[in-house]
1. Label-point separation (nm) for His29 and Val148, each offset 7 Å from Cα along Cα-to-Cβ?
2. Just need the relative contact order of the chain here, percent rounded to a whole number, with Cα pairs under 8 Å and 6+ apart.
3. Order the peptides 78-86, 25-33, 102-110, 172-180 from the highest to the lowest mean number of other Cβ atoms within 10 Å of their residues.
4. For the chain, take the longest principal axis of its alpha carbons; what is the angle in degrees between that and the long axis of helix 92-103, to the nearest 10 within 0 to 90?
5. Find the Cα radius of gyration of the stretch 137-196, compare it with 2.2 N^0.38 Å by division, and give the number to two decimals.
6. Using only the Cα atoms, what convex hull volume per residue in Å³ does the stretch 1-102 have?
7. Send over a whole-number figure in Å² for the accessible area per residue of the chain, probe 1.4 Å.
8. Of the heavy-atom accessible surface of the chain (probe 1.4 angstrom), what whole percent is carbon and sulfur?
Amino acid sequence: IVSRTPKTANRGVRCFKNLDCALNQLPMHTVFVICTPPNTHFKLLVKILKKKRDVIVEKPIFTRICQAKKAYYLIKKSKNYILEAYMYKHTIIYQKFKNYILSNFKNINIIQCNFTIPEIPKSTFRSEKDIRSSCLYDMGCYVIDLFVGLNVSLKKLKVLKCFSLNQKIVLIKFSFFINNIQVKAKVGLGRRYNNFI
């Protein structure tokens, strides 16, 4: 664990004050896991890849296209692995969803996805005003990744509406097409917890 304030509950687990210490002291076969706020992922990822280590990054792995290109270049040189952590892909319900969509493309016109929560936790990265800390990156990435996993072409992504509270984006409605099927999504702050397709 790399933390500026390691908890005493983590006794028996090696703790490091910073990533450099962990990279220098842990064996080469160590797989690093990044689970920090999205806007910090890339900086940490680059540091780990430059040390030729494998890494798993909590979603979203990138917040800009240029980051994906640079990571590709680093991986190509080092032959290391990076994985984006989407645990839902390892569930039976995801496999059923994938099979259903792929076998019923001709019968589907529109897909509605809602992922809303009743409150945004305070004093976390989700309180920041940066777009990379917004519900689009934190929750919207699930919707987009769900369909990317079908190996279909995503086209015409449009942000339909954005709702702000105290200069912070708290709800986003967006739409895109997979083949000829329109996908509409609503992610962010809502009256209650909602997570459905």
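1. The two pseudo-label positions are separated by 3.1 nm.
2. 18 percent
3. 172-180, 78-86, 25-33, 102-110
4. 40 degrees
5. Rounded to two decimals, the normalised Rg is 1.18.
6. 147 Å³
7. 65 Å²
8. Reported share for carbon and sulfur atoms: 56 percent.
The values are calculated or read from the model by the stated rules, or taken from the named source; none is laboratory data. Values in this document were obtained by computation on a predicted structure and should not be read as measured data. For neighbour counting, all protein chains shown are included, and Cβ atoms are generated from backbone atoms with ideal geometry for every residue, glycine included. Accessible surface areas use protein heavy atoms only, side chains included; no ligands, DNA or RNA. Shrake-Rupley method; radii C 1.70, N 1.55, O 1.52, S 1.80 Å.
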